[in-house]
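The values are calculated or read from the model by the stated rules, or taken from the named source; none is laboratory data. Worth saying up front: this structure is predicted, and the values here are computed from it rather than measured. With ideal geometry, Cβ positions are generated from the backbone for all residues, glycine too; neighbour counts draw on all protein chains shown.
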Amino acid sequence: MQSKSENQDVGLHGSRVELIDAQLRVGAFSPHRHDTYTIAVTTSGVQSFNYRGKRWQSLPGQVVILHPDEVHDGYCCNQTGFSYRAAYLPPAHVQTVIGGAALPFLAEGVSTDADLVGSVLRLIAMCSAGNELFGYQDALHQFVSAMQRCEDGPPARRSVNREAVMRVQEFLDGVPGPETNLDQLEELAGYDRWQLSRDFRALLGTSPYRYLQCRRLELAGQLLRSGLGMAAAAHEAGFADQSHFGRVFRRTFGTTPLAWHRPGQPRTIIL
């Protein structure tokens, strides 16, 4: 596999949108999943992937929107390969718009809906623009509204303990140590751990465990980009060893840490 990527981070209330420009000429991304929405625009070629039991192909002018924690892959369907630009949008950002409702879910992996395509292009452009909080918030609202309009059926609604979930999220964002467990989270939230897990998934699209694993991966990535070695970065981020870090990374991103993190410090934009 040969790929090129450039990463940027756009922060909002402590979480970040990661942008990546990538080219895949040979090989494939193995099956993996993110704890964010994956929002991608194909810029050249044919982007092929498996998602929710179907094979999909995205052409330039179409957008790919994958729900958090859904397994997918990526591969070339011919020798030309493809290029794409993707944003990894934290569900916490979406929640600033919908205020505790269930996350919007699109069953189709590829869309040509003009409103949705336009909102994706604007959102990615605003993320790239820099310190434009107002513009990003407006683009985010437009994108979430477009997703809700394209949803299959009415959005599911049920009572969730949003304040408790946000407390647990803030705790996990601090990347606590390997001893972290549901007993601690239950005490922090102040109610049943299993209901907490259900509420956490409803609001943020993944489980508390998966959420923490992704925060550890983010921390390890920051340490790698700062020049720390692989083994030291894995240890500092709370992984048992370098092999453990590599396995979790591949399950999350579909490739190796060395292939994903390129030399050079990415530009970080704090909003």
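Summary table
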{"quantity": "Residue check, Thr268 of a type outside the set (D, E, K, R) and either at pLDDT 90 or above or within 20 Å of His72 (Cβ to Cβ) (or both)", "calculated": "no"}
{"quantity": "Segment 219-229 - residue that is surrounded by fewer than 19 Cβ atoms within 10 Å (Cβ to Cβ) and in contact (Cβ under 8 Å) with a residue 40 or more places away in the chain and, of those, nearest to Val168 (Cα to Cα)", "calculated": "Leu219"}
{"quantity": "Residue check for Ala87: in a strand (DSSP E or B), over 28 Å from Ser159 (Cα atoms) and under 15 Å from the mean Cα position of the chain (by Cα)", "calculated": "yes"}
{"quantity": "Flag if Asp115 is at positive phi and modelled with pLDDT of 90 or more", "calculated": "no"}
{"quantity": "Residue list for segment 103-129, filter: crowded, with 16+ Cβ neighbours inside 10 Å and farther than 18 Å from Thr38 by Cβ", "calculated": "none"}
{"quantity": "Residue selected from segment 11-60 under the condition within 16 Å of Cys127 (Cβ to Cβ) and among the polar types (S, T, N, Q), by the criterion surrounded by the fewest Cβ atoms within 10 Å (Cβ to Cβ)", "calculated": "Thr43"}
{"quantity": "Checking Val165 against (1) farther than 20 Å from Thr36 by Cα; (2) of a type in the set (Val, Ile, Thr); (3) in a helix (DSSP H, G or I), the condition it does not meet", "calculated": "(1)"}
{"quantity": "Residue satisfying all of: in segment 222-264; touching a strand residue (DSSP E or B) at 6+ places or on another chain (Cβ under 9 Å) and of a type in the set (Val, Ile, Thr); modelled with the lowest pLDDT among these", "calculated": "Thr255"}
{"quantity": "Strands (runs of 3 or more DSSP E) enclosed by segment 2-43 - at least 3 residues per element that are modelled with pLDDT under 90 and not β-branched (Val, Ile, Thr)", "calculated": "7-12, 15-24"}
{"quantity": "Count of segment 98-120 residues which are assigned to a helix (DSSP H, G or I) and more than 17 Å from the chain's Cα centre (by Cα)", "calculated": "7"}
{"quantity": "In segment 172-197, residue nearest to Thr38 (Cα to Cα) [restricted to those that are of a type in the set (D, E, K, R) and surrounded by 15 or more Cβ atoms within 10 Å (Cβ to Cβ)]", "calculated": "Asp173"}
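Let's see how each residue does on (1) hydrophobic (A, V, I, L, M, F, W, C); (2) within 22 Å of the chain's Cα centre (by Cα); (3) not assigned by TED's automatic domain parsing to the domain that holds Met166:
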residue	(1), (2), (3)
Leu185	yes, no, no
Cys214	yes, yes, no
Leu223	yes, yes, no
Gly254	no, yes, no
